[in-house]
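Working notes, beginning with the structure itself.
The values are calculated or read from the model by the stated rules, or taken from the named source; none is laboratory data. Everything numeric in this text was worked out from a predicted model, so none of it was measured. Note that each Cβ is placed from the backbone with ideal geometry, even for glycine, and that neighbours are counted across all protein chains shown. Remember, those area values only see protein heavy atoms, side chains included, never the ligands or the DNA or RNA. Shrake-Rupley method; radii C 1.70, N 1.55, O 1.52, S 1.80 Å.
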Amino acid sequence: MIKKNDELVVKIFELSSEGKGVSKLDDGFVIFSEGTLPGDEALVQIRKKKSNFAEAKLIEIVKRSEFRIDPRCSYFGICGGCKIQNYEYSKQLEYKTKVVKDAFERIGKFTGLTIPDALGSEEIFFYRNKMEFSFSDDEWVTLPSGHSVEDIEAGKFALGLHVPKFYSKIINIEQCFLQSEISNDILNFTRDFFKSRSISVYSTKTQQGFLRFLIVRQSRNTGDLMVNIITYDHDKELIEEYSEGLQTRIPQITTIINSVSQSKAQVARGEKEFVISGNGYINEKLRTGTGKEYSFKISPASFFQTNTLQAEKLFNVLTEFGEFSDSDNVLDLYCGAGSISIFISGMVNKVLGIEIIEDSIIDARKNAQLNNVANAEFMVSDIKDFLESELSIQGYNQLILDPPRSGLHPKICDILSDTNFEKIIYVSCNPHTQARDLQIICGHGKYLIDRVQPVDMFPHTYHIENVVSLVNDKNWNANDTDLADSR
């Protein structure tokens with residue numbers, strides 16, 4: 001029997017869905033350990049013990065996995081952004097494919113499904129088009145060997161990324177490999193500018209302070225570059241001075257915005273926006289598999305897939321699964337700024353996008369106009385309220401779902417389980433909530449899983465996007481063994 005603080009050597013055989021190494025003792029007792037990889041032999045210390053599993057801290061790698069590599073980022077192991085950057089990318093894709101398979105078998109109770117390999121990203125660094133950095137008066141300080149906390153004067157000004165499990169701790173990031181070198185220049189200039197002027201940082205404890213967040217959005221296909229500095233209030237003179245200095249240093253910037261948020265919650269979104277320079281948005285383009293190109297205006301609060309190149313791959317998988325024709329009428333629920341609706345508009349008769357966030361619908365309508373798309377309409381509505389109105393879904397034969405990470409409300413799943421769409425396509429960034437929802441939707445026997453395809457949108461993290469198509473039972477071919485097993 002093991003107990004808290006015990007140290008033991010374990011062999012890691014897989015990663016959990018949260019990127020922790022998994023090992024088992026001879027009696028089947030499971031141990032999860034941060035910082036370990038399949039193939040590692042590691043000395044770990046038990047920190048928490050439950051009846052059938054324990055969580056352990058890594059003390060030392062006794063024998064390295066053959067798939068362990070040196071991480072590129074110097075903040076690896078402290079910053080929570082890229083937990084498996086030290087794992088060969090081909091093995092990351094194998095791991096993510098297994099995460100989807102396990103979720104559908106364990107949570108969804110689906111058996112016999114064919115889960116293809118996750119589609120990898122051609123670029124595994126500098127792939128993000130959006131980064132959010134936080135200001136904090138509580139800087140994370142790494143102690144030099146042989147020093148104690150008392151020896152170190154903790155910084156009171158930080159701009160960077162969060163330390164896992166610490167609510168306010170921020171690492172002063174100087175170089176991140178997720179977005180671009182220009183993004184790093186913006187980050188460092190911003191920190192130096194405000195720190196040199198002793199500008200205060202907002203504190204959730206005192207609910208006072210000026211600086212809150214820095215958001216950088218960068219178009220992959222047009223070169224547009226947005227800087228959005230989020231503050232507690234608007235100091236026109238200070239922000240204009242910052243804007244002038246920033247544009248002198250980085251002339252590639254096309255628009256600068258000062259969003260103001262007095263919300264107590266630490267959410268990187270403003271209630272008011274002041275356009276300091278440029279037009280207040282950036283343009284991005286997506287290309288379909290047939291080469292057709294669509295443009296999108298992205299405002300500060302707009303949702304847009306954060307990996308542009310993989311978004312094209314993801315949307316092309318969706319269109320392949322949909323097998324759309326010019327007779328199809330499609331509902332796009334959780335449509336955001338209309339990217340999916342517009343992307344498929346040239347393949348269908350009409351599409352209606354539904355979203356509860358009014359700003360997103362405003363952007364979606366503008367994007368439809370920008371692309372001269374006349375067969376896509378958008379409306380603001382709570383998704384559950386929309387579905388409960390039977391007249392609202394009449395005349396539509398296909399449905400697309402792309403909900404938040406938390407998935408669908410159980411009531412929405414119940415409603416969908418009793419609908420008669422020819423096909424439902426569910427896009428999710430969380431295969432666990434997706435499998436949970438699909439168990440309910442398929443539970444009434446009307447829908448069967450047809451195809452599944454994971455797409456890696458976030459290399460070096462444990463996150464995976466997944467596309468699933470459901471077919472109506474009346475269209476089911478009894479000779480299709482995959483569908484028969486998923487029943």
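So here's what we get for this one:
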| quantity | calculated |
| --- | --- |
| Measure of compaction for the stretch 315-391 (Cα Rg per 2.2 N^0.38 Å) | 1.05 |
| Label of the coordinate-derived value, semi-axes √(5λ) of the Cα gyration tensor in Å, listed as [x] 35, 27, 21; [y] 32, 30, 23; [z] 38, 34, 19 | [z] |
| Whole-number percent relative contact order across the stretch 335-487, with pairs defined as alpha carbons under 8 Å at least 6 apart | 17 percent |
| Hull shadow area, averaged, the stretch 317-466 [alpha-carbon convex hull, nm²] | 8.7 nm² |
| 1.4 Å probe accessible area per residue over the chain, in Å² | 46 Å² |
| Computed [θ] at 222 nm, helices only, for the chain once each DSSP H run of length n ≥ 4 contributes -39500 (n - 2.57) | -7000 deg cm²/dmol |
| Accessible carbon and sulfur surface of the stretch 355-459 relative to its total accessible area, %, 1.4 Å | 48 percent |
| All-pairs alpha carbon distance profile, the stretch 239-327, 10 Å steps from 0, percent | 14, 32, 29, 18, 8, 1 |
| The stretch 1-61 and the stretch 387-423: distance between their alpha carbon centers, rounded to Å | 41 Å |
| Surface share of carbon and sulfur [accessible, 1.4 angstrom probe, percent] for the stretch 103-256 | 48 percent |
| The chain: relative contact order as a whole-number percent, Cα under 8 Å and 6+ apart | 13 percent |
| Charge-dipole axis of the chain as Lys and Arg at +1 and Asp and Glu at -1 on Cβ define it, positive-most pick from Met379, Thr419, Ser295 | Thr419 |
| Carbon and sulfur %, accessible surface of the stretch 1-64 computed with the full protein complex present, 1.4 Å | 47 percent |
